[in-house]
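The values are calculated or read from the model by the stated rules, or taken from the named source; none is laboratory data. Only a predicted model underlies this, so the values are computations on that prediction, with no experimental measurement involved. Here the Cβ positions follow ideal geometry from the backbone for every residue, glycine too, while neighbour counts run over all protein chains shown. Protein only, heavy atoms only, side chains kept; ligands, DNA and RNA dropped before computing areas. Shrake-Rupley method; radii C 1.70, N 1.55, O 1.52, S 1.80 Å.
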Amino acid sequence: MSTRHDITLTVNGERVTRLVEARRHLIDFLRLDLGLTGSHAGCEHGVCGACTVRVDGEIVRGCLVLAASLDGAEVTTIEGLSDSGEVADLQDAFVARNAAQCGFCTPGMVMAAADILRHHPDATRAEIREHLSGNYCRCTGYQAIVDAVESTLTARKEGVR
Amino acid sequence: MNDMPTPASIGLSREDLPNSYIGRSVPRPNVPKLVQGRATYTDDVAVPRLVHAAFLRSPHAHARIVAIDTAAAAKVPGVVRVFTGADLAKVCDPWVATLEHLKGMKSAPQYPLPLERATWQGEPVVAVVADSRAAAEDGVAALAVEWEPLAAQLDMETALDPGAVVIHPALGDNLVFTRTAEKGDVAAAFASAHKVVEATFVTGRHTGVTLEARSILADYNRAEGTLTVHHSTQAPHMMQGVFAKQLRMEEGAVRVICKDVGGSFGIKVHVYPDEVAVAAMARIMGRPVKFVADRFESFVSDIHARDHRIKGRIAVDAEGKILGFDIDDRTGIGPYSVYPRTSAIEGNQVVNLCGGPYDFANYRCTTTVVFQNKTPTCQYRAVGHPIATAVTEGLVDLAAEALGMDPIEIRRRNLIRDDAYPYTSPPGMRFEGLSHHAALAKLLEMVPVERIRADQAEQRRRGVHRGLGFASFIELTNPSPFMYGIGGARISAQDGATVRMDPDGSVVVLSGVTEQGQGTDGILRQIVAHGVGVPVERVKVITGDTQTTPYGGGTWACRGAGIGGEAALQSAIALKQQILQVAGTMLQAAPGSLDIVMGEVVERETGRARMPLGELGRIVYFRGDTLPKDLARELVQTRHFITKEYPFAFTNGIQASWVEVDVETGIVKLLEHWCVEDCGRVINPLLVDEQVRGGIVQGLGGALYEHCVYDEQGNLLTTTMADYLVPMSAEMPEMHVGHVETPTNESLLGAKGAGEAGTAGAPAALMNAINDALRPLGARVTEQPFTPARILAALGRI
């Protein structure tokens, strides 16, 4: 059926070792093998962004990455990102602005938005919309999400001053 | 509230009364867990001995199942068992989705897995159960099914023709349902009209694309004789009844648990054969079975909707007064009417809703609902409304064009007057109170029409084509049993709430309505906090469990706030009275002289604090010996609510869309969008606005991008998210939302529904905006989705 591979990697700061099938995707590895159910499988073909996680500092689609390729990698999921407090202000803004409705896209959306906060602190509204275009939301119509990211960027800039 | 004091009614701002939560933008209590990835969707539920199901689905639109060879599949490592339709029929009865009040409606018995024929591409035919989903899919790949492909009836237009393939021969033909509503003298009205204009409209077949696919985990416990179903659903109690009936069990032996739901939009309020199959397999195997649709399965097996062709005519006099509408609707619904709501409701809604915002005398509308070999269709967000609104508002704009009249002016002349209520529409819809003119006035405060028209003229000189479109609409909410119950369906129009106070003075509400992201939990918390008199933080909301919540219909047709919210309010008020009875005894005061404010019993007159609820709870629960023997001290109350005077609480609103059409590429750019809606009492403006915005975007999606496209053999071509396009953030406009509040008098709360207004009006506003842009070029589009190809074709460029 499928060959198996031994991998050792860091997930949310914890070292884990598992034997995984070659066909095991990262999103299934996280959800099924590690019980990290905060990341979601929405389309399993790399379009919707619900499985967005961070690998070695960059956001990736968990459904397009094979777990077997991640020996030695550093993975951060929504659980780890939340625990670290890195985006507590962004998450508060999501709550205040009602930028999550059903919440299924939200962890991936927060991961993608965290990427804006890290790499594009001066992003305009249009650039926020562009950056989040790989993350589908069927509930909100996006405006509240863009508002939450924009207000967080603004608050961080004001905090720096 | 209608006769309860609100801050506004006694001249205070909303912030002045600390626990007056009605009308305040309180954040939802369940969002923190959503943003931290700590929600529990059905796929996240872990139980011991779980096995996973995968389905072999028909590769043909119509085919006879000659033989199924399961031998190789059964040998695949990890595979536990294989089930065919015959296996499941031993424990599971078929269902027929008709409603008695839809006269003459017919459909065929549907089994969880078909016994003889597959009737759409994607229909589940064989199930494989294995120790992992991957192994189950390996098993499906090893199945050998011999098919005899049959001629398929795909085109709804020819479904009733003499040469049509009759999908269910026992029914005689492919006609599911037809209804004509007629009022006044249509022929005379059209004969005497100053102008008659007509057009054919098409609304594209599309689907809900809940980001969380349909999910179910069913566990039959032989020792207890109970079936526990974790289900991503909008209607747990309805599904409890369905599973019990189909599996020949007592309702009380079935428990449906519905934790977090990743989007529903009407997709998750229907009975799906693969989900019933999972319950049947769990029943047979005596262990938990899980099925989560993958995206391909979602596209081919979630209900589709809105597959309509509508021919419409409008007659107007020289002053622009609408004399009548004459409309013919046809819709193809797939090979089965979907249980238990049926697939005839959408067409029936078109008949009920066309012309809805307007005052006119002559009306004829026919819907003809037919079978075809495509994925079944059924109710999706704003059922029938986007279709009726597109036809109505498209025709009104055409009439204005023919008269040389401004589209705002023709609406102003024809919208039902705000003082005309109660009002009965030509197809018989009863309106308690609407606010079309107030909504139009509010919209015109928000939309800078003069600036936009000036910009439009300026841009046209530069060869840039922009357009502004309007769409008034009505929306059916708070349905009574007239929607489904009178037709024999066990779909509850009433809903219940139990509110209790625990020893620490905190309050718990258990409700029969459910949460899929709308904010049900949030508004129930606010309503109960308001009704009892405690801070919102002291209220916990429990929904989604048939074993613990009062019986109710769940969340659909915009009933959560209006029905479930009212039940919660009545319970909360009753609990408050009960608490004050006890407090009066403890404090030796008349209960009427006391009040509860922010979790504290106070003197009503002075506001002086007398006793925190936690102290009252301590005495009631732990020192009941100190209270009079005959004192009723049950700090729990249950109330159920159902509307009584009107079959539906209609809402209304108007939208405007401002777009730019690239006439070289046919691409529509959404510049800005506005919506004013009247959902009665607004409980939480933040949540209502976001419901409206999300609804608008779903409407825009169906009008611009979303389309279930079939090939000539009946294969669905749009089965990935790369093929089936949904709106993305970069394409969506900034949306402005305004409100008029006309509370319903059916309830204390006065709330009507708000979740479908955006979807109801957005496609029509967009269509009118595109056509406003194209008008100088002599082009017009009426076929959704308005793809670049269709726009270029309308322009004669391809």
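Please work out if A:Ala144 is open to solvent by 10 Å² or more (accessible area, probe 1.4 Å), touching a residue at least 24 places away in the same chain (Cβ under 8 Å) and within 7 Å of chain B (Cβ to nearest Cβ). Please lay out each step first, then the result.
Values: open to solvent by 10 Å² or more (accessible area, probe 1.4 Å): no; touching a residue at least 24 places away in the same chain (Cβ under 8 Å): yes; within 7 Å of chain B (Cβ to nearest Cβ): yes.
No.
When B:Ile474 is tested against (1) under 30 Å from B:Leu398 (Cα atoms); (2) surrounded by fewer than 23 Cβ atoms within 10 Å (Cβ to Cβ); (3) within 27 Å of the chain's Cα centre (by Cα), only condition (2) is not met.
Go over the candidates A:Leu117, A:Leu66, A:Leu81 one by one and state the one that is more than 8 Å from every other protein chain (Cβ to nearest Cβ), modelled with pLDDT of 95 or more and buried (at least 24 other Cβ atoms within 10 Å of the Cβ).
Values: A:Leu117 fails: buried (at least 24 other Cβ atoms within 10 Å of the Cβ); A:Leu66 fails: buried (at least 24 other Cβ atoms within 10 Å of the Cβ).
Checking each option against the conditions leaves just A:Leu81.
Quick one: which residue in B:Ala574, B:Ala589 is more than 15 Å from B:Met501 (Cβ to Cβ) and either under 43 Å from the mean Cα position of the chain (by Cα) or outside any helix (DSSP H, G or I) (or both)?
After applying the criteria, what remains is B:Ala589.
For every residue, the table says whether it meets (1) among the acidic types (Asp, Glu); (2) away from chain A (no Cβ under 14 Å); (3) over 29 Å from A:His45 (Cβ atoms).
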site	(1), (2), (3)
B:Asp185	yes, yes, yes
B:Ala191	no, yes, yes
B:Val196	no, yes, yes
B:Arg205	no, yes, no
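With segment B:274-381 as the region, which strands (runs of 3 or more DSSP E) entirely inside it contain at least 3 residues that are open to solvent by less than 10 Å² (accessible area, probe 1.4 Å)?
Working: elements: B:289-292, B:308-316, B:322-332, B:362-370.
Because the criterion is at least 3 residues that are open to solvent by less than 10 Å² (accessible area, probe 1.4 Å), the strands (runs of 3 or more DSSP E) in segment B:274-381 that meet it are B:308-316, B:322-332, B:362-370.
Only one of the numbered conditions (1) basic (Lys, Arg); (2) part of a loop (DSSP other than H, G, I, E, B); (3) without any contact (Cβ under 8 Å) to a residue 12 or more places away in the chain is not met by B:Arg490, and that is (3). The helices (runs of 4 or more DSSP H) falling completely within segment B:70-172 that include 2 or more residues that are among the aliphatic types (A, V, I, L, M) and in contact with a strand residue (DSSP E or B) (Cβ under 7 Å, 6 or more places away or on another chain) map to B:71-74, B:133-141.
Conditions tested, residue by residue: (1) open to solvent by less than 60 Å² (accessible area, probe 1.4 Å); (2) within 34 Å of the chain's Cα centre (by Cα); (3) farther than 20 Å from B:Gln110 by Cα.
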position: B:Ile22; (1), (2), (3): yes, yes, yes
position: B:Pro27; (1), (2), (3): yes, yes, yes
position: B:Arg38; (1), (2), (3): no, yes, yes
position: B:Val45; (1), (2), (3): yes, yes, yes
position: B:His60; (1), (2), (3): yes, yes, no
position: B:Ala63; (1), (2), (3): yes, yes, no
position: B:Thr70; (1), (2), (3): yes, no, yes
position: B:Phe83; (1), (2), (3): yes, yes, no
position: B:Val91; (1), (2), (3): yes, yes, no
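The sole residue among B:Pro169, B:Pro149 that is surrounded by fewer than 20 Cβ atoms within 10 Å (Cβ to Cβ), in contact with a His (Cβ under 8 Å, 6 or more places away or on another chain) and not small (Gly, Ala, Ser) is B:Pro149.
Restricting segment A:1-29 to residues that are touching a residue at least 24 places away in the same chain (Cβ under 8 Å) and either part of a loop (DSSP other than H, G, I, E, B) or under 12 Å from the mean Cα position of the chain (by Cα) (or both), the residue that is surrounded by the most Cβ atoms within 10 Å (Cβ to Cβ) is A:Ile27. Against the condition among the hydroxyl-bearing types (Ser, Thr, Tyr) and part of a loop (DSSP other than H, G, I, E, B), how does B:Thr719 come out, does it pass? Yes; evaluated as a whole, the condition is true for this residue.
Here is a yes/no grid of residues against (1) assigned to a loop (DSSP other than H, G, I, E, B); (2) closer than 27 Å to A:Cys137 by Cβ; (3) not charged (D, E, K, R):
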residue	(1), (2), (3)
B:Pro481	yes, no, yes
B:Val508	no, no, yes
B:Gly517	yes, yes, yes
B:Ile579	no, no, yes
B:Ala583	no, no, yes
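Please determine whether any residue of segment A:45-53 is more than 12 Å from chain B (Cβ to nearest Cβ) and open to solvent by less than 50 Å² (accessible area, probe 1.4 Å). Checked segment A:45-53: no residue is more than 12 Å from chain B (Cβ to nearest Cβ) and open to solvent by less than 50 Å² (accessible area, probe 1.4 Å).
The residues listed here are A:Glu130, A:Glu150, A:Glu158; of these, the one that is over 17 Å from B:Ala39 (Cβ atoms), surrounded by fewer than 24 Cβ atoms within 10 Å (Cβ to Cβ), within 11 Å of chain B (Cβ to nearest Cβ) and acidic (Asp, Glu) is A:Glu130.
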